[in-house]
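Chemist: Quick one: the structure is below, and I'll ask about it shortly.
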Amino acid sequence: MKIAIVCYPTFGGSGVVATELGIALANRGHEVHFVTYRQPVRLELLSNRIHFHEVNVPEYPLFKYQPYELALSSKLVDTIKLYDIDLLHVHYAIPHAYAGYMAKKMLEEENIFIPMITTLHGTDITLVGSHPFYKPAVTFSINNSDVVTSVSQSLKKQTLEIFDVKKDIEVIPNFIDTKKYHSSFTDCQRSLMAEDDEKIITHISNLRKVKRIPDVIKVFYKIQEKISAKLIMVGEGPEKENAERLCRTLGITDKVVFLGNSNEIDRILCFSDLFLLPSETESFGLAALEAMVNKVPVISSNTGGIPEVNKQGITGYLSEVGDINDMTENALKILSDEKTLEKFKENAYKTALSYDIMNILPLYEDIYQKAYEQRFKKVDY
Ligand code: GMT
């Protein structure tokens, strides 16, 4: 099949999922066309089955806001026609599903019928999409997609609660290519980061408010009062400066390393002992799954789709949002005993294996096939 994928190309779960999915589809013989404003960060290997089409929005001084949706829908129309694309898969409803729908309608004028799959990722529903400014457009885009998928049961439930959805939502969980990970802790070069007796605790995100970065720092502060530890903060975002300031106030700057954005997540997770994810809300928690496949247990909040991934007392522990004392206690339970830590590491890895891309990819291929077969049918509800 020839598939056009629209996503955000930046560091962030939805872009990562879309990119990894595209790469896997290409490996299965499909032809994949990424349409977005920059080459996706994880799209390193361009093969003859992977194409990238950049959306340019020409600056026009008369416009206060440059119309990205317009440029995207036009680019989609051109790309779909030029490459004879069979199907459009948009990741993140805003504004991708909206622009995709416009492209679909423009193409229909020329008797070209393209099914559109929309995958909901989280903040497009829970934070941004539910805002009254966007809600009618998001509701419309969801209801007018040919197939809608969400990355967790929890996100499906939230979507049905927030929007007047007339369509079925299929849950297809996020995934990981487990073959890419050769987790052997001997060649992780952990000595570059910490002393032998120090535990390495890691947080990876785009450091936005929803990630509750001060909780990460406070939990770490309490952990290092009891055991020797280092904190590695990976990512860039608006909460970074506050976090650096908090570390200074707490007197732990020498124990916290801010690495910024990194393309070496696997190397970092390879030498990590524990992953912290105290988010306010999280539709899935791909970062937790990436930690788990690298044998890193997870201390997280019990919110959104996280409990579908992080299993209480098995792969880590879950606490109420903001309960830093409980998170600290749980972290210490895992870290203070090597045997327990080893057990949690193994459990995390085993659980992550069930999310292998080879288990999830056929679910997408299946809905692609069904949507393609029904492409001439009008969406009606
Ligand atoms: O969480 C982020 O900061 C990025 C965001 C995104 O839209 O890229 O992630 C969302 O999608 C990921 C992939 O499906 C999920 O794993 C994240 O849980 C979800 N983030 C939130 O719901 C806050």
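Computed from the coordinates by the stated procedures, all read-outs in this text should not be read as laboratory data. These numbers come from a predicted model, not from an experiment. Here Cβ is always computed from backbone atoms with ideal geometry, including for glycine, and neighbour counts include all displayed protein chains.
Chemist: Averaging sequence separations of C-alpha pairs under 8 Å and six or more residues apart, then dividing by the length of segment 282-381, give the relative contact order as a whole percent. Don't skip to the end; give the middle numbers.
Modeler: Values: 109 pairs, mean separation 26.4, N = 100.
RCO, segment 282-381: 26 percent.
Chemist: Relative to the present Cα-Cα distance, how much length would full extension add between S336 and S47 at 0.36 nm per residue of separation? Spell out each step's value before the answer.
Modeler: On the way: separation 289, 0.36 × 289 = 104.04 nm, distance 4.63 nm.
That pair, S336 and S47, stretches by 99.4 nm at full extension.
Chemist: In addition: Please give the peptides 79-86, 63-70 ranked by average Cβ packing (other Cβ atoms within 10 Å per residue), highest first, as a rough proxy for protection. Walk me through the numbers on the way to the answer.
Modeler: On the way: 79-86: 16.0, 63-70: 11.4.
Averaged packing, sorted descending, gives the order 79-86, 63-70.
Chemist: Cα to Cα, under 23 Å, and not fewer than 8 places away if on the same chain: which lysines meet these conditions relative to K240?
Modeler: The reachable lysines, counting only those whose Cα sits under 23 Å from K240, are K199, K209, K211, K218, K222, K230, K255.
Chemist: Suppose R0 equals 25 Å; then what is the FRET efficiency for V128 and S262 from their Cβ-Cβ distance, rounded to the nearest 0.05? Walk me through the intermediate numbers first.
Modeler: Numbers: r = 26 Å, r/R0 = 1.02.
Taking R0 as 25 Å, the efficiency between V128 and S262 is 0.45.
Chemist: Now for a different question. If you find the alpha carbon centre of segment 167-238 and of segment 1-35, how far apart are they in angstrom?
Modeler: Here the answer is 25 Å between Cα centres.
Chemist: Relative contact order for the chain: what is it in percent, counting Cα pairs under 8 Å that are at least 6 residues apart? Each step should come with its number before you reach the end.
Modeler: On the way: 715 pairs, mean separation 53.2, N = 381.
Value for the chain: 14 percent.
Chemist: Another one. Note down the net charge around E241, summing +1 for each Lys or Arg and -1 for each Asp or Glu among other residues with Cβ under 15 Å from its Cβ. Working shown, then result.
Modeler: Values: positive: R208, K209, K211, K240, R245, R248; negative: E236, E239, E244.
The answer is +3.
Chemist: Binning at 20 angstrom from zero up to the longest distance, how are the C-alpha pair distances of the chain distributed in percent?
Modeler: With a bin width of 20 Å, the distribution comes to 28, 54, 17, 0.
Chemist: Points 7 angstrom from Cα along the Cβ direction at E365 and N27: gap in nanometres?
Modeler: Each label point is offset 7 Å from its Cα along the Cβ direction, giving 1.3 nm.
Chemist: Go ahead and estimate [θ] at 222 nm for the chain from helices alone: -39,500 (n - 2.57) per DSSP H run with n ≥ 4, summed, over the residue count, rounded to 500.
Modeler: On the way: 13 runs with 154 residues, N = 381.
Rounded to the nearest 500, it is -12500 deg cm²/dmol.
Chemist: Calculate the FRET efficiency for K180 and N242 from the Cβ-Cβ distance with a Förster distance of 35 Å, rounded to the nearest 0.05.
Modeler: Working: r = 34 Å, r/R0 = 0.96.
In this case the efficiency is close to 0.55.
Chemist: Taking only complete DSSP H runs, can you tell me which helices of the chain stretch 18 Å or more along their own long axis by Cα positions and average at least 0.5 on the Kyte-Doolittle scale? Could the numbers behind the result be given before it?
Modeler: Values: long enough: 13-27 (21 Å, 1.08); 68-83 (22 Å, 0.38); 93-108 (22 Å, 0.01); 213-226 (21 Å, -0.03); 338-353 (23 Å, -1.14); 357-373 (24 Å, -0.12).
Result, helices passing both filters: 13-27.
Chemist: Per the Cauchy relation, a quarter of the hull surface: what is the mean projected area of the convex hull of the alpha carbons in segment 22-106, in nm²?
Modeler: Values: hull surface 25.1 nm².
Convex hull of Cα atoms, orientation-averaged projection: 6.3 nm².
Chemist: Further question: On full extension of the chain, what length is gained from N325 through Q312, given 0.36 nm per residue of separation minus the C-alpha to C-alpha distance? Could the numbers behind the result be given before it?
Modeler: Working: separation 13, 0.36 × 13 = 4.68 nm, distance 1.65 nm.
Using 0.36 nm per residue and subtracting the Cα-Cα distance, I get 3.0 nm.
Chemist: Can you tell me which aspartates and glutamates have their Cα less than 12 Å from the Cα of K166? Leave out same-chain residues fewer than eight positions away.
Modeler: List returned: D146, D380.
Chemist: Quick one: length gained pulling I227 to E373 fully straight, 0.36 nm per residue minus the C-alpha distance?
Modeler: Stretched fully, the I227-E373 segment lengthens by 46.7 nm.
Chemist: Which number do you get for Rg(Cα) / (2.2 N^0.38 Å) in segment 179-353? Intermediate values should be presented prior to the final figure.
Modeler: Values: Rg = 14.4 Å, N = 175, 2.2 N^0.38 = 15.7 Å.
So the Cα radius of gyration is 0.92 times the expected 2.2 N^0.38 Å.
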